[in-house]
Amino acid sequence: MLPLLVYSMFISDSLKTYFRNTNEKELLYQANKVAVSIQKNNYLTDENKKQQFVDEMDIKSEEEGFRIIVTDSLGHAVTDTNRSAIGKMCIVPEILVALDGKDEANLRESEGVIYASAYIEDEESRKIGAVLLVSSFDEVNNIISDVDHNGFIIMIILVLTLAVITFFLSQAIFSPLNNILETIQRISDGQFHNRLDIKGHNELSRLGEAINVMTQQLEHVDTARQEFVSNVSHELKTPLSSMKVLSESLLLQQDMDVEMYREFMQDINSEVDRMTNIINDLLALVKLDYREEGMLNIAETNLTELVAAIIKRLTPLADKKHIELEFECSKEIIIEADEMKLTLALSNLVENAIKYTPGYGSVSVTVDCDHQNAFFSVKDTGIGISAEEQSKIFNRFYRVDKTRDRETGGTGLGLAITHSTVMMHNGSIKVTSAEGEGATFVVRLPIKQHQGGAGK
Ligand code: ADP
């Protein structure tokens, strides 16, 4: 609007200047023409031609539409086509300038007229008089004020149109924005089931879709959090209840023999161990959850040695169940990894293989690599995992058979820890198994971690 306003003012100003200059020039030309005609016909010097002079001036004035005043060398009006100035002194600046030998034209803004003057000479080039032409500028002023007026009306129409368009546009933009804002408010109050009603295909609807996806994820995280908290409470409550029952029986039984007493205390002790295991695993998981860039202590790690150490540590456990624990690795493999976290993650897999393989079975661990990745696999001849369960075993606290696992001392967190650690190393983990036919877990780990890539 502002440039338009400035432009319209500029147009009316330029128009006015243009008309003013043209009219001044034209009037000056006419003044000189009249002066030359008076000079040629000796109208000022020849008394006999006076009437002819007055008539000619009147005709010219009528034809051209301007007033003609002719003065003598002293400024007395000799003739005036309006008659009012005849015999009077004409003290107009333009006449004084003309008597001084120059011609001039000026617009008198306040009077709405243009004055143009020219001098009259005799044969000896003496200034014997002056011609003053007075022409109205009202017509031009009217045209300009018409232009201004029309411009003003166009401006008003434009303003109103713009105001109406702005109003409807802002309605179209702000009402969905308000809707989005209200939904976000409700979501931030914890009402994650809220979704935006999306209409059309524009930037706002795309924003709405993105918010809906975000809310869905928030809802998912919230559900997972609630599930996790209730799982943790449940898992901790179970050993606590057993301890309560055991200790109450101890307190109520009088004259209990020492053997019985020891047995009860051992049970309580194993429940305490179980709680400690759960809490340790939980702490390890929480640490993995709050991972930030640089949380992993990445260094060149000899994977072959790391796995050999795990095998050495777990061989007594396998021996106890008469399980054959084999390790196969044809070359030394060095990868970039966090040694501590990786040891825990891979140990979980070997421990599980021993745990879920009945006595006299076998567990074989293989480490291999190509030019980009290292592969760690654990194959057992154990109870196996059904296809349906395979997608769930990496969830926290998930156990295929809760009662049996409690006997084996599992917390249901081991595979979740392994999964998180492998993900942090930008690797992947896969399980292939069938119920009763053993299980094979394969972990892929990149040999080199991209700069800043680990831990994300
Ligand atoms: P847990 O501490 O109970 O072993 P995990 O997270 O390590 O918890 O494992 C989750 C579940 O996956 C286990 O309870 C078990 O039912 C199943 N599982 C894991 N490894 C094996 C395996 N090698 N063979 C059969 N089942 C397994």
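The table for this structure:
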| item | result |
| --- | --- |
| Surface/4 of the Cα convex hull for the stretch 203-289, nm² | 7.3 |
| Cα-Cα separations in the stretch 204-354 greater than 27 Å, expressed as whole percent | 55 |
| √(5λ) per eigenvalue of the Cα gyration tensor, the chain, largest first, Å | 115, 27, 18 |
| Rule-of-thumb Rg ratio for the stretch 21-172 [Cα; 2.2 N^0.38 Å; N residues] | 1.55 |
| Scattering profile of the stretch 299-446 at q = 0.14 Å⁻¹ [log10 I(q)/I(0), Debye over alpha-carbon scatterers] | -0.63 |
| Cα gyration tensor, the stretch 110-197 - rounded (a/c under 1.5), prolate or oblate | prolate |
| Average Cα contact separation per residue, the chain, under 8 Å, 6 or more apart, as relative contact order % | 10 |
| Relative contact order, percent, the stretch 288-385 [alpha-carbon distance under 8 Å, six or more residues apart] | 30 |
| Cα-Cα over 26 Å, subset of Lys321/Lys379; Lys237/Lys355; Lys341/Lys430; Lys237/Lys312; Lys25/Lys50 | Lys237/Lys312; Lys25/Lys50 |
| Cβ-derived FRET efficiency at R0 60 Å, Ala172 paired with Leu252, nearest 0.05 | 0.20 |
| Among Val213, Ile268, Ile278 the positive-end extreme of the charge dipole of the stretch 203-289 (Cβ point charges) | Val213 |
| Two-site FRET efficiency, Lys102 against Ser145, from Cβ-Cβ distance with R₀ of 35 Å, rounded to 0.05 | 0.60 |
| Most to least packed among 92-103, 259-270, 316-327 [average Cβ atoms within 10 Å] | 92-103, 316-327, 259-270 |
| Positive-end residue, the stretch 299-446 charge dipole about Cα centroid, Cβ charges, pick of Gly382, Asn395, Thr366 | Asn395 |
| Linear extension gain, Ile154 paired with His450, 0.36 nm per residue minus alpha-carbon span | 100.1 nm |
| Cβ-based exposure ranking for Arg225, Arg274, in which fewest neighbours within 10 Å come first | Arg225, Arg274 |
| Lys/Arg +1, Asp/Glu -1 at C-beta; the chain dipole; positive extreme among Ser117, His76, Ile323 | Ile323 |
| Whole-number percent relative contact order across the stretch 139-261, with pairs defined as alpha carbons under 8 Å at least 6 apart | 13 |
| Magnitude of the charge dipole, the stretch 299-446, Cβ model with Lys/Arg +1 and Asp/Glu -1, debye to 20 | 540 |
| Estimated distance in nm for a label pair at Arg313 and Glu437, the labels positioned 7 Å out from Cα along Cα-to-Cβ | 3.3 |
| Where labels lie 7 Å past Cα in the beta-carbon direction, separation of Ile184 and Lys430 in nm | 4.2 |
| Order of His76, His371 under a 10 Å beta carbon neighbour criterion, fewest first | His371, His76 |
| Contour minus Cα-Cα distance for Gln217 and Glu203 (0.36 nm per residue) | 2.9 nm |
| Additional length obtainable on full extension of the chain from Ser110 to Arg83, 0.36 nm per residue less Cα span | 7.4 nm |
| Residues Leu177, Leu204, Leu160 arranged by fewest to most Cβ contacts within 10 Å | Leu160, Leu177, Leu204 |
| Under-5 Å amide H pairs with Thr301, H placed in peptide plane, nonlocal only | Ile335, Glu336, Ala337 |
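FYI, it's all coordinate maths here, none of it is from the lab. Keep in mind that this is a model prediction, so the values were computed, not measured. Glycine gets a Cβ as well: all are built from the backbone with ideal geometry, and neighbour counts include every protein chain shown.
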